[in-house]
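The structure under discussion appears below in the form of structure tokens.
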Amino acid sequence: MKPGSWWPPIIAGALAFHVISSLVVVYVATSDPSYAVEDDYYQKAVAWDEKRAQDRLNQDLGWLLEFSVTPPEKPEDQPTLELTLLDADGEPLPGAIVAVEAFHNARGDDIVRDMLIDADGGVYRASLPMRRNGRWELRFTVDRGADHFTHTETRHLFVEGSW
């Protein structure tokens with residue numbers, strides 16, 4: 001063996017090791033369920049003025065959105081989200097189309113989406129597959145006639161039953 005002929009395999013091996021370890025790190029980082037990127041984050045940043053206009057519209061409408069989550073009674077059931085929607089005068093707002101997106105802060109990539117059903121004239125309900133106690137972010141959109149209302153709230157929720 002010639003002197004110095006072992007350098008090319010060492011360099012090639014170091015480069016191969018670097019590429020393989022980089023691919024492993026990328027895989028681990030992107031397959032982690034706690035890793036999440038906000039959907040359409042760039043479009044949301046570009047549409048900041050529209051978001052501020054929607055915030056002003058929400059304030060002008062004066063609607064009040066209150067919600068609670070009731071843990072299931074049996075392990076095979078799902079928690080129930082109950083929402084009360086009131087107008088600026090405190091009167092119930094029946095007949096709205098209410099949608100929710102919810103995710104646990106530790107699992108931001110696992111988003112639960114559903115439509116709430118008007119169960120009792122201004123009280124809306126849905127069963128959501130929420131399986132972890134802790135901090136949840138819920139994003140609501142409400143459409144009633146020509147009015148569009150949004151509400152986002154982060155709250156500590158107990159969604160697991162005590163069976």
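Here are a few things to note about the model shown:
- The chain - percent relative contact order, Cα under 8 Å, separation 6 or more: 21 percent
- Vicinal HN-Hα couplings computed from phi for segment 119-126 (Karplus, 6.51 cos²θ - 1.76 cosθ + 1.60; Hz; Gly/Pro x): 8, 7, x, x, 10, 10, 9, 7
- With contacts taken as Cα pairs under 8 Å and at least 6 residues apart, segment 48-131 reaches a relative contact order of 26 percent.
- Cα centre as origin, Lys/Arg/Asp/Glu Cβ charges: segment 115-163 dipole, Debye: 280 debye
- The length gained on full extension between Lys44 and Ser21, counted as 0.36 nm times the residue separation minus their Cα-Cα distance, comes to 4.9 nm.
- With each label modelled as a point 7 angstrom along the Cα→C-beta vector, the Trp7-Lys74 pair spans 7.4 nm.
- The residues Leu23, Leu64, Leu83, Leu128, when put in order of fewest to most other Cβ atoms within 10 Å, stand as Leu23, Leu64, Leu128, Leu83.
- Taking the charge dipole of the chain about its Cα centre, with +1 at Lys and Arg Cβ atoms and -1 at Asp and Glu Cβ atoms, the residue from Met115, Ser21, Ile11 reaching farthest to the positive side is Ile11.
- Per-residue HN-Hα couplings for segment 69-85 [Karplus 6.51, -1.76, 1.60; θ = phi - 60°; Hz; x = Gly/Pro]: 10, 9, x, x, 7, 10, x, 7, 8, 10, x, 10, 9, 10, 10, 10, 10
- Against the main long axis of the alpha-carbon atoms of the chain, helix 48-61 sits at an angle near 20°.
- Using the Karplus relation 6.51 cos²θ - 1.76 cosθ + 1.60 with θ = phi - 60°, the per-residue 3J(HN,Hα) values for segment 12-26 come to 4, x, 5, 5, 5, 4, 5, 5, 5, 5, 5, 5, 5, 5, 4 Hz, with x marking Gly and Pro.
- Taking the Cα centre of the chain as reference, the dipole from Cβ charges on Lys and Arg (+1) and Asp and Glu (-1) amounts to some 1140 debye.
Bear in mind these aren't lab numbers, they're just calculated from the coordinates by the rules spelled out. The structure displayed is predicted, hence computed values, not measured ones. Don't worry about glycine lacking a Cβ; one is built from the backbone with ideal geometry, like all the others, and counts go over all protein chains shown.
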